[in-house]
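To start, the structure itself, in structure tokens.
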Amino acid sequence: MTRASLPLALLLCLTACAAPAEQGATAAPEDYVGTDQATQAVLDSQSDPAGLTPLTGDDRTDYLTAVCGVEEGMWTEAAVYTASGVDAREIIVLRLSQAENGEAVTTALEAHRQARLADFFGYAPDQAALLEEAVVTSLDGYAALLSCEAPEAALAALEDALGGEAALPEPTLDISAFAPFDPPNEYDMTLYDTSAIVAAWESGDESGLSHRDAAILARCREIFAEHVTGDMTDFQKELVLHDALVDLGEYDETVYGPDTPQGRPDNTNPYGMLVEGYGICLGYATSFQLLMDLAGVECITVVGASSGSTSDHAWNMVRLEGEWYCVDPTWNDPVGGEHVSPHQWDQIHHAYFNVTSDYMRWTDHQWDYANVPETAANRFYWNGAGRLPA
């Protein structure tokens with residue numbers, strides 16, 4: 001059953017009844033706190049819990065197993081409150097049948113949180129932001145998902161009710177459902193070494209640079225002088241340097257010619273893109289990487305694939321205020337994109353600017369999922385239509 005095929009009634013029902021306990025489960029002490037009582041404390045911590053209604057009976061069990069991915073039998077008591085419509089609020093508190101179930105249950109709840117985040121991202125940014133701040137935790141034989149307007153207050157109320165301190169699990173990533181990544185190796189995807197350029201930028205001494213690296217650095221200085229000011233934030237520097245790169249270069253279309261499948265020389269490095277004005281994906285990505293390095297913005301280059309892992313591809317990730325974002329400068333510079341209105345230019349040239357890992361997967365990007373940062377952050381997402389950080 002898919003998420004979309006679940007009956008609407010399942011999302012609108014109410015309550016916090018207990019699931020059947022496993023045989024041999026330890027009886028609750030007289031002073032134990034039930035999930036309904038703990039959940040009520042969480043609800044009371046919110047300024048406006050209206051619209052959150054609990055699931056009951058089989059609907060609650062189905063939601064926990066089919067939607068949240070929590071195996072039946074891992075809990076003895078559950079409270080599940082959900083909201084309907086474009087409302088990402090959700091409170092789930094489970095009393096575990098065994099303490100060692102905590103890791104498996106919180107892993108499932110975290111995967112559920114990320115799946116819901118992908119559902120709301122781009123469609124309802126305010127609700128996606130709420131899910132981004134949601135808390136998945138375990139404590140004293142309980143596990144919980146707290147997706148609400150005030151998650152810190154909710155967590156404090158839960159800790160007070162249960163008399164313990166919450167443990168926030170390390171997120172895990174299930175890559176089994178992702179499109180397989182098998183490097184096509186059509187091109188040499190070795191990254192261009194820009195360390196000498198960065199050192200010369202920082203020291204001001206260019207005497208040791210090769211002719212090519214000196215030309216790259218000279219163009220970088222021109223770009224910074226025209227677009228970057230000292231009072232800019234990392235996001236502002238990222239945006240203006242990205243736009244300068246997309247405006248400066250163009251995709252090397254000679255790779256489509258039958259006699260030039262590798263395209264023009266240097267199309268995979270910053271010399272081709274920044275000095276000669278053309279490049280393929282690796283040229284865009286390594287040039288963006290260099291500009292970010294010179295700007296002091298943390299950045300990595302991802303060498304992956306597209307088209308079902310049949311075509312080599314490369315893009316970048318930047319880290320802003322501790323959160324990673326995906327940027328694909330190549331696909332932000334589509335052929336013919338220069339012949340559009342300013343508003344259309346913004347829309348076209350920021351389609352892959354500071355997006356999530358799920359968005360990259362959805363738009364046919366493949367990579368080494370286990371060894372590249374996974375991100376669901378959207379605070380600094382911007383599509384050219386005014387979606388700027390607060």
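The values are calculated or read from the model by the stated rules, or taken from the named source; none is laboratory data. Quick caveat, the model's predicted, so the values are computed rather than measured. Note that each Cβ is placed from the backbone with ideal geometry, even for glycine, and that neighbours are counted across all protein chains shown. The protein model used for the area step is the full one, side chains on, heavy atoms only, and it has no ligands, DNA or RNA in it. Shrake-Rupley method; radii C 1.70, N 1.55, O 1.52, S 1.80 Å.
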>> Quick check on this structure: which one of 333, 346, 364, 358 is at pLDDT 90 or above, among the acidic types (Asp, Glu) and closer than 27 Å to residue 267 by Cα?
In response: 364
> Out of region 54-90, which residues are acidic (Asp, Glu) and touching a strand residue (DSSP E or B) at 6+ places or on another chain (Cβ under 6 Å)?
Replying inline: 77, 90
> Quick one: how many residues across region 286-305 are out of contact with any Pro (no Cβ under 7 Å at 6 or more places or on another chain) and either open to solvent by less than 10 Å² (accessible area, probe 1.4 Å) or farther than 30 Å from residue 180 by Cβ (or both)?
Replying inline: 9
>> I need every pair where a residue in region 241-263 that is without any contact (Cβ under 8 Å) to a residue 60 or more places away in the chain and closer than 19 Å to residue 292 by Cα has its Cβ under 6 Å from the Cβ of a residue that is surrounded by fewer than 22 Cβ atoms within 10 Å (Cβ to Cβ) and of a type outside the set (Val, Ile, Thr), sequence separation at least 6 or different chains.
In response: 244/227
> Do any residues in region 51-68 that are assigned to a helix (DSSP H, G or I) have Cβ atoms under 6 Å from those of residues that are of a type outside the set (Phe, Trp, Tyr) and open to solvent by 40 Å² or more (accessible area, probe 1.4 Å), where the two are at least six apart or on different chains, and which pairs are they?
Replying inline: 65/72; 66/1
> Right, residue 230: modelled with pLDDT of 90 or more and either assigned to a loop (DSSP other than H, G, I, E, B) or among the hydroxyl-bearing types (Ser, Thr, Tyr) (or both) or not?
Replying inline: yes
>> Under 6 Å between Cβ atoms, which residue pairs at least 6 apart in sequence (or on different chains) link something in region 134-160 that is on the phi > 0 side of the Ramachandran plot with a partner that is open to solvent by 30 Å² or more (accessible area, probe 1.4 Å)?
In response: 141/99
> Say we look at region 122-172 and pick out the residues that are in a loop (DSSP other than H, G, I, E, B), open to solvent by less than 30 Å² (accessible area, probe 1.4 Å) and closer than 24 Å to residue 359 by Cβ; which of these is modelled with the lowest pLDDT?
Replying inline: 124
>> Suppose we keep only residues that are of a type in the set (S, T, N, Q) and closer than 24 Å to residue 160 by Cβ within region 41-96. Which one would you say is surrounded by the most Cβ atoms within 10 Å (Cβ to Cβ)?
In response: 82
